[in-house]
1. For residues in the stretch 112-132 being touching a helix residue (DSSP H, G or I) at 6+ places or on another chain (Cβ under 8 Å) and not in a strand (DSSP E or B), which is farthest from residue 93 (Cα to Cα)?
2. Provide a single number: the residues in the stretch 236-283 that are touching a helix residue (DSSP H, G or I) at 6+ places or on another chain (Cβ under 6 Å) and at positive phi.
3. Can you find a residue that is in the same structural domain as residue 168 (by TED's automatic domain parsing), crowded, with 18+ Cβ neighbours inside 10 Å, modelled with pLDDT under 90 and under 23 Å from residue 5 (Cβ atoms) anywhere in the stretch 88-96?
4. List the strands (runs of 3 or more DSSP E) inside the stretch 206-301, counting only whole elements, that have at least 1 residues being without any contact (Cβ under 8 Å) to a residue 40 or more places away in the chain and over 25 Å from the mean Cα position of the chain (by Cα).
């Protein structure tokens, strides 16, 4: 039964991501779903979480935002996940050992910020180090396709090669990086577009002032703007520019163009409008970065 519940949990997570986006609120993970009149919760007070319907092995492991444990990624594509407490024989830690022996798939919830988590699954405990109070966890793509006809994971398949695992972990780390930046920037702007005040999170992006691949493009709030998808695209192609004084400019050819209401109200009327700033001044956009980006806008015009 536990195998079936795990697979239902994976499908349930996909449904929640379609509703909320890839970063999920903790409250829905705590509530979970119902299976045969039993509540299956996906997170709880312990970072190694076993719902009541399971006997010994956990369903998930969680890295809590600003929690007591620091999880790191190794060069060979493994996550170092810290045990609970100092006793390797604690029942939660024993549950991780059993998950390793049985090749049982788990869910990894990475805390992006308080109350918001990015789920990664399936992950597997690959190595156990009880003396050092940690285990090694892999995001292994081969297991994601290792499902038999009944919908259960096959435990006899071998793990992916090191090169594949490193590639997948690099992609996973990039997702964590991008999601963390997006969540922090949008939260700083009170979940609204800084140009039009649109308040639907699913339609908001965190736009880099300086691209992350460039010098000065660090993933920090001061290098970000909360923009709806239309205004993010316009900012990226220099239809819109923002001066170091937080004033919006619209490219001249766009101002002279005649089209429908989207052009007029969505773009042209932004000219000389003041940027909507975060409440905390330390989160305001960095003026030097804006100056560099505004120069690019002026050159494009």
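The values are calculated or read from the model by the stated rules, or taken from the named source; none is laboratory data. What you see is a predicted model; the values in this text were computed from it and never measured. We place every Cβ from the backbone using ideal geometry, glycine too, and count neighbours over all the protein chains shown.
1. Taking the candidates together, the pick is 115.
2. Of the residues in that region, 1 qualify.
3. no
4. Working: elements: 224-228, 240-242, 248-250.
Once the strands (runs of 3 or more DSSP E) in the stretch 206-301 are filtered for at least 1 residues that are without any contact (Cβ under 8 Å) to a residue 40 or more places away in the chain and over 25 Å from the mean Cα position of the chain (by Cα), what remains is 248-250.
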